[in-house]
Amino acid sequence: MNIIVSIITGGIAGWLAGIIMKSSHSVIINILLGLAGGAVGGFILRLLGVYAYGFLGNILVAIVGACLLIAIAKRF
């Protein structure tokens, strides 16, 4: 059940990050970046000592990570 929630969270975050960053990538690519962004954002924030709790916290962490990955993807 946890993996399904993670996929849904990452998908929503990727879609929102694509809108925030005005990404020219397809929605599918943004969703995939959101999935990876959730992991990257969670890792970076844990290194900083910040932890997300609940669905909204996880969405925000994933959006931050996805925005970071979209910015990196735009450079290449």
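Take the residues of region 32-58 that are within 8 Å of the chain's Cα centre (by Cα) and under 11 Å from Ser6 (Cβ atoms): which is surrounded by the most Cβ atoms within 10 Å (Cβ to Cβ)?
By that ranking, first place goes to Gly34.
Only one residue in Ser23, Ser6 is buried (at least 18 other Cβ atoms within 10 Å of the Cβ), among the hydroxyl-bearing types (Ser, Thr, Tyr) and in contact with a Leu (Cβ under 9 Å, 6 or more places away or on another chain), so which one is that?
None of the other options fit; the residue is Ser23.
With the checklist (1) of a type in the set (A, V, I, L, M, F, W, C); (2) crowded, with 19+ Cβ neighbours inside 10 Å; (3) modelled with pLDDT under 85 in hand, flag the one item Ala17 doesn't pass.
Condition (3) is where Ala17 drops out.
Of all residues in region 20-57, which are modelled with pLDDT under 80 and aliphatic (A, V, I, L, M)?
Passing the criteria: only Ala52.
Identify all residues within region 59-70 that are open to solvent by 40 Å² or more (accessible area, probe 1.4 Å) and not β-branched (Val, Ile, Thr); write none if there are none.
Leu60, Leu68
In region 39-53, which residues are part of a helix (DSSP H, G or I) and of a type in the set (Phe, Trp, Tyr)?
Within region 39-53, Phe43 is the sole residue that qualifies.
The values are calculated or read from the model by the stated rules, or taken from the named source; none is laboratory data. In this text the structure is predicted, and so the values were computed from the model without any measurement. Because the Cβ atoms are built from the backbone with ideal geometry, glycine has one as well, and the counts that use them run over all protein chains shown. Remember, those area values only see protein heavy atoms, side chains included, never the ligands or the DNA or RNA. Shrake-Rupley method; radii C 1.70, N 1.55, O 1.52, S 1.80 Å.
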